[in-house]
Amino acid sequence: MVVRRTTAVADYFGAQVRKNRIKAKLNILALSRITGIDDAHLGRIERGQRNPTPDIARRLDEAFDTTDFTELYEASRSWVPAAFRRWSEYEDQATRLLVWSPGVVDGLLQTSDYARAILLTASGVNDEIVTGRLTARMERQQRIVYRNDPPHIWFVVDLLALYREVGSPALMAAQLRQLIKVGELPHVTMTVMPAVAHNSNESGFIIGDGAAYAESVASRGVHTDDTVPALLSRFGSLQGESYRVAESAAIIGQLEETWASGVSPLTAAATAASALKPQPRQAP
């Protein structure tokens, strides 16, 4: 599957650069001399292959005597949290990713419906922000999971996330089918973490090549210091505690069937447990 490594912001920003350059009767080399931006990099920007930065927006504004590019860049900032925008610079270049997300299915694995339902739970969001973040999330999946030269990705999926109802049973069934589909990709390893005590329950994190992104309810950030080996150790613990790949796939498949029947696995488990209780003996 051939996928361009672009985003909606980068595509639109690049189109505006090209429009202004042609209007000013400049070629790439001329614009490069005026802005001080490398001509090859300018070409990638115009093609939407590089996301805008504040410095690039400022230089283009100066070249075209406008504030349009800075305003466009600032408008895009509400789509994705700032810390995660910084993380994407590392993630895009990674050859390996180790992914753990407690409680919910990770964003790289989410269906569009599941992602929207999760995004709607955030405080202070409106339809525009949710739509923008959803678009960015789906494009990130294409850019990372489905690109021509994807990294090897090891997902540790929290078992509790497979039981937590997001949206509806039908939505959950579709989400679990998505897990099965992604888990079958040759560059993906997927294991399920059982519902046991461990040292990473309080925070989700992603580890790339020499960098990591960690997120909790109170903070999020990119780390390139001693935090990275510490998180690698935690991920190793998660791997050791997880079910094997085949066992994990079977668990996901069984839970998908339960959700597809229109019943929560928790409800099904409670019903089954009730049926196993000894019945009181009838008086003769």
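Each value in this text was obtained by applying a stated rule to the coordinates, not by laboratory testing. In this text, all values refer to a predicted model and were calculated from it rather than measured experimentally. Note that we place each Cβ from the backbone using ideal geometry, even for glycine, and neighbour counts take in every protein chain shown.
How are the alpha carbon pair distances in segment 8-76 distributed across 5 Å bins from zero to the largest one, expressed in percent?
Pairs per bin, as whole percents: 4, 20, 33, 31, 11, 1.
How do the peptides 143-155, 19-31, 104-116 rank, highest first, by the average count of neighbouring beta carbon atoms within 10 Å per residue?
The peptides rank, most packed first, as 104-116, 143-155, 19-31.
Looking at the chain only, what percent of DSSP beta bridges run antiparallel? Nearest 5 please.
50 percent
Under a crude label model (7 Å from the Cα following the beta-carbon direction), how far is residue 112 from residue 44 in nanometres?
Going from the residue 112 label point to the residue 44 one covers 2.9 nm.
Given the options 208, 14, 36, which has the most mean-square fluctuation in a GNM of the chain, springs set between C-alpha atoms less than 10 angstrom apart?
Comparing 208, 14, 36 in the GNM, the peak value goes to 36.
For residue 189, list long-range residues whose amide hydrogen, built 1.01 Å from N in the peptide plane, is under 5 Å from its own amide hydrogen.
So residue 189 has HN proximity to 153, 154, 155.
Taking θ as phi - 60°, what are the ³J(HN,Hα) couplings along segment 230-241 by the Karplus curve (6.51, -1.76, 1.60), each to the nearest whole Hz, with x for Gly and Pro?
Running phi through 6.51 cos²θ - 1.76 cosθ + 1.60 with θ = phi - 60° gives 5, 5, 4, 5, 5, 5, x, 5, 4, 4, x, 7 Hz.
Check cross-link reach from residue 23 to the aspartates and glutamates: straight Cα distance under 20 Å, and skip same-chain residues fewer than eight apart.
11, 39, 46, 61, 62, 65, 68, 71
Just to be sure I understand the model, the point goes 7 Å from the Cα along the line to the Cβ. What's the resulting residue 135 to residue 55 distance in nm?
Computed distance between label sites residue 135 and residue 55 equals 2.7 nm.
State the label only: which of [x] 45, 20, 16; [y] 31, 21, 19; [z] 29, 27, 17 corresponds to semi-axes √(5λ) of the Cα gyration tensor in Å computed from the shown model?
Label of the calculated value: [x].
Under the Karplus relation 6.51 cos²θ - 1.76 cosθ + 1.60, θ = phi - 60°, what is the ordered set of whole-Hz ³J(HN,Hα) values for segment 155-162, x standing for Gly and Pro?
9, 9, 9, 6, 4, 5, 5, 6
Select from 161, 195, 174 the residue whose mean-square fluctuation is largest in a Gaussian network model of the chain (Cα-Cα springs shorter than 10 Å).
It is 195.
Taking the chain as a Gaussian network, Cα atoms linked when under 10 Å apart, which of 166, 263, 192 shows the biggest mean-square fluctuation?
Of 166, 263, 192, the most mobile in the Gaussian network model is 263.
Explain nothing, just the number: dipole magnitude of the chain about its Cα centre with +1 on each Lys and Arg Cβ and -1 on each Asp and Glu Cβ, in debye rounded to the nearest 20.
520 debye
For segment 25-37, take each phi angle, set θ = phi - 60°, evaluate the Karplus expression 6.51 cos²θ - 1.76 cosθ + 1.60, and give the result in whole Hz per residue in order, putting x for glycine and proline.
6, 10, 9, 4, 4, 5, 5, 4, 5, 6, 8, x, 8
For residue 209, list long-range residues whose amide hydrogen, built 1.01 Å from N in the peptide plane, is under 5 Å from its own amide hydrogen.
Close amide H contacts, sequence-distant or interchain: 95, 96.
With a Förster radius of 22 Å, plug the Cβ-Cβ distance of residue 93 and residue 142 into 1/(1 + (r/R0)^6) and report the FRET value to the nearest 0.05.
After rounding, the FRET efficiency stands at 0.85.
How many nm separate the modelled label positions at residue 165 and residue 180, each set 7 Å beyond the Cα in the direction of the Cβ?
2.1 nm
As a test of the formula, what do you get for the chain when each DSSP H run with n ≥ 4 contributes -39,500 (n - 2.57) and the sum is divided by the residue count, at 222 nm and rounded to the nearest 500 deg cm²/dmol? Don't skip to the answer; put the middle values down first.
On the way: 13 runs with 151 residues, N = 284.
Taken over the chain, the calculation gives -16500 deg cm²/dmol.
If R0 is 45 Å, what FRET efficiency do you get for residue 239 and residue 25 from their C-beta distance, rounded to 0.05? Working shown, then result.
Numbers: r = 58 Å, r/R0 = 1.29.
After rounding to 0.05, the efficiency reads 0.20.
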